[in-house]
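Worksheet: the structure to be examined is printed underneath.
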Amino acid sequence: MVITKQPVRLLLTAFVGLLSVVAMANPVTDSAQVKVDTAHVAAEATHTAAEHEVKALTPEEEKKEKVTAFIEHHLQDSHDFTFFSDEKEGKHYGFSLPVILLDNGLKIFSSSKFHHGEEVAEVDGNYYKLYHGKIYKTDATGTITYDEHHHPTNAKPLDFSITKNVFSLLIVSAILLFMFTSLAKSYKKGPVPTGFGRVLEPLILFIRDEVAIPNIGEKKYRKFMGYLLTVFFLIWLLNLLGMTPLGINVTGNIAVTVCLAIFTYIITQFSANKDYWGHIFWMPGVPVPMKIILAPIEVLGTLTKPFALLIRLFANITAGHVVIMSLIAMIFVGKNLAADLPISLGLTLFISIIELLVAFLQAFIFTMLSSLFIGMAVQDHHHDDHEHYDGHDFVDNSIV
Amino acid sequence: MEKLINDFSFGLFFWQAIILLVLILLLVKFAWKPIMESITAREEGIRDAIASAETARKEMLNLKADNQRLLDEARAERDTMLKEAREIKEKMIADAKSEAQIQGAKMIEQAKATIEGEKNAALAELKTQVSGLSLEIAEKLLKGELSNKASQTVLVEKMLDEVKLN
């Protein structure tokens, strides 16, 4: 309701909505194209594997397959932190991360045992193999059995490994802690922060004055500031780190966004007041049959809000990564290097700039919508403007 | 959708939840709380400073008016004091003048009386001396006349002449 009241924010939101059309929708068709190719190639590969025949792919196909595999590998989490690999010598530059498995007791070992999925790791008499980023229990020779959809049927132990994403999360958390505790300390010296704090303070004020207070209200916003600020800076920093050649993709991982959305959902539901529940289960101002029909819709509505939140962040960041990597891959796949190189670099630069904006916007939107949902749950309703409020609520949902 | 569900890693979700929870708690305790408090305190400080500056300005104006009033009062008081002093001075001068006149008159009167007294005394003394001299002369004459008849007659005649002349 706040968005629609302020035209600037409406424009911003509309812009963001359109942005995803530009930055996401088109490439999605592209990547779908690639996916189809991949599926085709993969199917072919399994086919050949199944028939124990070595059917040579053309070099071009091989390259495309490699690029797709690389992008998919990048988007996924991994058990070691690889910066780059030397394919000819089979060397991987990076470092291993600890693997923690829950399989008849806790099994902790270094991911170097997998040799990047090339070997079977033996731990306490159990054999594990890394297959497409997931750990499967196997035998000494590393046999993996497949079902008809080419999904491995081997047992999967519960995997609590410190993966690349967990490791990145820890690093980012440490950076955040360092940045903001030093900002907090700088206030002890004087009322105005010095150095980097000068950059951070306006951002905090921005979240407070533009996000929390307008959506939640002057009286109640204080309680939720901790969550909103943490989430905003965490998502933003992770998005930005995703743009670096470190090759991490944390916010583009569905498990991470699900977790963030669940936090928002829990906070919303647990801070909700009587009015909020009243509007969900027994909508005031409508006839009784309507009340009964509306209740399940409203209950579903509480779930779709965080669901939209998690999908939006995941889709935007994943799309950004896919687009940028695909554009860079043009150099390797294309036939004419002289023509492809400037196009590829130019487009990558352009999309990168947009992605920098998206990195901020997605963090902002996640925080903004979280505070909006929290605001809806905690606000005091004025019965005079019920129709008004509900109308806007609907508009809000449809826009963002 | 199937791919998404397949990609969902429970381990990552678990760690993310723990890290996020711990991060929120740590940041709230060590960063957001002190930062927000400092910012709020600073903003309140600024608000207070502006308000107190305003009151100080008003007080200053009041003080100025007070000062002006005091100055006016002091000036008026000074004027009256000066006026009184002038009046007293004039009165004193007038008093002194009249006193001096009275005193002078008195002194003149006394002097006059003294002079009169002295004069009377001097006259009296003169009279005695003159009468004494006259007696002596008369004595001497009588002595001379009585010794010489002729001269007595001359004398009487002379005296008679003198008396006639007188």
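Selection of segment A:238-272 for residues being open to solvent by 40 Å² or more (accessible area, probe 1.4 Å), polar (S, T, N, Q) and within 11 Å of chain B (Cβ to nearest Cβ) yields an empty set.
Within segment A:106-114, not a single residue is over 24 Å from residue A:159 (Cβ atoms) and modelled with pLDDT of 80 or more. Candidates B:48, B:72, B:7: the one that is more than 14 Å from chain A (Cβ to nearest Cβ) and acidic (Asp, Glu) is B:72.
Taking the options B:164, B:119, B:83, B:97, name whichever one is in a helix (DSSP H, G or I) and modelled with pLDDT of 95 or more. Answer to the selection: B:83.
Among all residues of segment A:185-199, there is none that is assigned to a helix (DSSP H, G or I) and in contact (Cβ under 8 Å) with a residue 24 or more places away in the chain. Might you let me know whether segment A:176-199 holds any residue that is open to solvent by 60 Å² or more (accessible area, probe 1.4 Å), modelled with pLDDT of 90 or more and facing another protein chain (nearest Cβ under 8 Å)? Checking segment A:176-199: not a single residue is open to solvent by 60 Å² or more (accessible area, probe 1.4 Å), modelled with pLDDT of 90 or more and facing another protein chain (nearest Cβ under 8 Å).
Test residue A:235 against the criterion of being open to solvent by less than 10 Å² (accessible area, probe 1.4 Å), assigned to a loop (DSSP other than H, G, I, E, B) and either touching a Ser or Thr at 6+ places or on another chain (Cβ under 8 Å) or away from every other protein chain (no Cβ under 12 Å) (or both), and give yes or no. No: the conditions fail for residue A:235. The residues of segment B:29-41 that are open to solvent by less than 70 Å² (accessible area, probe 1.4 Å) and of a type outside the set (S, T, N, Q), listed by number, are B:31, B:32, B:34, B:35, B:36, B:39, B:41. Taken over segment B:31-64, the criterion of being of a type in the set (A, V, I, L, M, F, W, C) and within 18 Å of residue A:224 (Cβ to Cβ) is satisfied by B:31, B:32, B:35, B:36, B:39.
Okay, residues lined up against (1) open to solvent by less than 60 Å² (accessible area, probe 1.4 Å); (2) within 14 Å of another protein chain (Cβ to nearest Cβ):
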position	(1), (2)
B:20	yes, yes
B:27	yes, yes
B:43	yes, yes
B:58	no, no
B:76	yes, no
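Annotation note: Cβ proximity below 6 Å between a residue of segment A:45-71 that is modelled with pLDDT of 70 or more and a residue that is open to solvent by 60 Å² or more (accessible area, probe 1.4 Å) and charged (D, E, K, R) (sequence gap 6+ or interchain) occurs for no pair.
Residue check: is residue A:168 polar (S, T, N, Q), within 9 Å of chain B (Cβ to nearest Cβ) and open to solvent by less than 50 Å² (accessible area, probe 1.4 Å)?
Details: polar (S, T, N, Q): yes; within 9 Å of chain B (Cβ to nearest Cβ): no; open to solvent by less than 50 Å² (accessible area, probe 1.4 Å): yes.
No; evaluated as a whole, the condition is false for this residue.
The single condition from (1) open to solvent by 80 Å² or more (accessible area, probe 1.4 Å); (2) modelled with pLDDT under 90; (3) aliphatic (A, V, I, L, M) that residue B:155 fails is (1).
Residue A:317 - would you say it is more than 18 Å from residue A:360 (Cα to Cα), β-branched (Val, Ile, Thr) and under 11 Å from the mean Cα position of the chain (by Cα)? Criteria not met by residue A:317. Taking the criterion of being more than 8 Å from every other protein chain (Cβ to nearest Cβ) and either open to solvent by 60 Å² or more (accessible area, probe 1.4 Å) or under 16 Å from residue A:365 (Cα atoms) (or both), the residues of segment A:209-223 that qualify are A:209, A:210, A:211, A:212, A:213, A:214, A:215, A:216, A:218, A:219, A:220, A:223. When residue B:111 is tested against the conditions (1) farther than 30 Å from residue A:221 by Cα; (2) within 14 Å of chain A (Cβ to nearest Cβ); (3) of a type outside the set (Ser, Thr, Tyr), the lone failure is (2). There is no residue in segment A:283-303 that is in a helix (DSSP H, G or I) and either assigned by TED's automatic domain parsing to the domain that holds residue A:62 or buried (at least 22 other Cβ atoms within 10 Å of the Cβ) (or both). The set of residues in segment A:123-179 being farther than 20 Å from residue A:95 by Cα, outside the structural domain of residue A:99 (by TED's automatic domain parsing) and without any contact (Cβ under 8 Å) to a residue 12 or more places away in the chain consists of A:177, A:178.
The values are calculated or read from the model by the stated rules, or taken from the named source; none is laboratory data. This one's a predicted model, so the numbers in the text were calculated from it and none came from an experiment. With ideal geometry, Cβ positions are generated from the backbone for all residues, glycine too; neighbour counts draw on all protein chains shown. The area values use the complete protein model at the heavy-atom level, side chains included, leaving out ligands, DNA and RNA. Shrake-Rupley method; radii C 1.70, N 1.55, O 1.52, S 1.80 Å.
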